[in-house]
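Each remark here refers to the structure printed beneath this line.
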Amino acid sequence: VVLAVLGLGLFSSFTDLVGEWRAGLKVKNTLLECVLVLGVTIGGGMLAFMAADGLVWHDALYLAAMTATTIGYGDIHPKRDLGKAVACVFACAGISAVGYVSSCFGDWVQDSVCAVWNSGSDEDDKDK
């Protein structure tokens, strides 16, 4: 429990630092960026599960995707201790990546709705 709390504290500090650095760049979230983040994370998890637990590529990809999205059916799971440790570490990275992509999608929806809403109010102002 103590390690989990300390780990989350360190992870939170890291994400705050990365967020501040990224905000300084003034870069807008792009579809390419989201795809790269998710692809690198899931691909890295797949390679880690293949190496640590001896899974074939499609089982390792499936396990990485199920772990990152927190679905966790349980039909494929790490059997070795090293594989279980990889799953613990990967869960933090994978869940964060999925959360980031979800945040990007939410930003896109919000921007789209605001653009539609604002374009309608401009036309209303012209009619007056």
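Write out the trypsin sites (Lys or Arg not before Pro) in region 38-126 meeting two conditions: DSSP loop, and at most 16 other Cβ atoms within 10 Å of their Cβ.
On the way: sites: K79, R80, K84, K126; in loops: K79, R80.
For trypsin sites (Lys or Arg not before Pro) across region 38-126 that sit outside H, G, I, E and B with at most 16 neighbouring Cβ atoms in 10 Å, the list reads K79, R80.
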Quick one: 3J(HN,Hα) in Hz for region 72-77, Karplus 6.51/-1.76/1.60 with θ = phi - 60°, rounded, Gly and Pro as x. x, 4, x, 6, 10, 8
Given a 1.4 Å probe and the protein chains all in place, what does the accessible area of L82 round to, in Å² to the nearest 10? 110 Å²
As a test question: what accessible area, to the nearest 10 Å², does I71 have when a 1.4 Å probe is rolled over all protein chains in place? 80 Å²
Taking all protein chains together and a probe of 1.4 Å, list Y100, Y73 from the most accessible to the least accessible. Y73, Y100
The size of the Cβ-based charge dipole (Lys, Arg +1; Asp, Glu -1) of region 30-127 about the Cα centre, to the nearest 20 debye, is 920 debye
Where T70, T41, T30 fall by accessible area, highest first, once all protein chains stay in place (1.4 Å): T70, T30, T41
Roughly how many Å² of H77 are accessible to a 1.4 Å probe, to the nearest 10? 90 Å²
One would report the Cα pair-distance distribution of region 38-122, bin width 5 Å, in %, as 3, 16, 22, 18, 10, 7, 6, 6, 5, 4, 2, 1, 0
For region 25-90, with all protein chains present and a 1.4 Å probe, just round the carbon and sulfur fraction of the accessible area to a whole percent. 72 percent
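The values are calculated or read from the model by the stated rules, or taken from the named source; none is laboratory data. Owing to the predicted nature of the structure, the values given are computational and were not obtained by experimental measurement. Neighbour counts run over all protein chains shown; Cβ positions are idealised from the backbone, glycine included. SASA here: full protein model, heavy atoms, side chains in, ligands and nucleic acids out. Shrake-Rupley method; radii C 1.70, N 1.55, O 1.52, S 1.80 Å.
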